[in-house]
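The values are calculated or read from the model by the stated rules, or taken from the named source; none is laboratory data. Since the structure is predicted, the reported quantities are computational estimates derived from the model, not experimental observations. Here the Cβ positions follow ideal geometry from the backbone for every residue, glycine too, while neighbour counts run over all protein chains shown.
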Amino acid sequence: METSIQLAIPEHISISQYRAMLTTGQIPKVKIKRASPEEDLHRSCMEWVLLSTGRHPILHWIVHCPNGGKRPKGEAGKLKGMGAKPGLPDLILPRRHMRWLGLAVELKSPTGTVSPDQKDWLGAFVADGWLVAVCRSLDEFIAVLQVFLEGGDESSLPTLWRPARP
């Protein structure tokens, strides 16, 4: 059985309105013990995506492939055998929109670093015409999504991924 939550979301919602809705309880807040600041950020970003999908249906296609994290050796081996690869960005939206062929976002804590495998994936997506960013806050994530959704100028994004030149 599929359940659907219908929320009264305005046509356009600013970051401050989103935060106010969270504070006043208009958006359900799920109390879950979180493992890390990166997981907190990931959940906040996906809550924003859920709230924005009605206005931007393409967000239905944003996905997280659970490649990372600590797992028992048996489960890690099983996932590797099924095609899991290290470094895949946290969130990908594999659909053409505006001038990009897709969107790839790596989420990091304020002190997190991008691994060599992640750099390879991010560089490959840039080379293929995707909008690619590394975000360390909800505000950065929303700014990237707004550029992707509205076709804005990505050069102003401090989170934009630019591969190092050889």
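Summary of values
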read-out: Residue that is modelled with the lowest pLDDT [pool: residues in region 1-41 that are closer than 16 Å to Phe141 by Cα and among the small types (Gly, Ala, Ser)]; value: Ser14
read-out: Residues being in a loop (DSSP other than H, G, I, E, B), without any contact (Cβ under 8 Å) to a residue 40 or more places away in the chain and either surrounded by fewer than 19 Cβ atoms within 10 Å (Cβ to Cβ) or aliphatic (A, V, I, L, M) (or both) - total across region 103-157; value: 9
read-out: Verdict on Lys73 being surrounded by 12 or more Cβ atoms within 10 Å (Cβ to Cβ) and at pLDDT below 95; value: no
read-out: For Leu79: the one exception among (1) surrounded by 17 or more Cβ atoms within 10 Å (Cβ to Cβ); (2) in a helix (DSSP H, G or I); value: (1)
read-out: Condition check for Gly102: at pLDDT 95 or above and not β-branched (Val, Ile, Thr); value: yes
read-out: Residues (at pLDDT 85 or above and in contact with a Leu (Cβ under 8 Å, 6 or more places away or on another chain)) located in region 150-166; value: Glu154
read-out: Top-ranked residue in region 46-70 [being of a type in the set (Val, Ile, Thr) and surrounded by 15 or more Cβ atoms within 10 Å (Cβ to Cβ); ranked as nearest to Ser36 (Cα to Cα)]; value: Val49
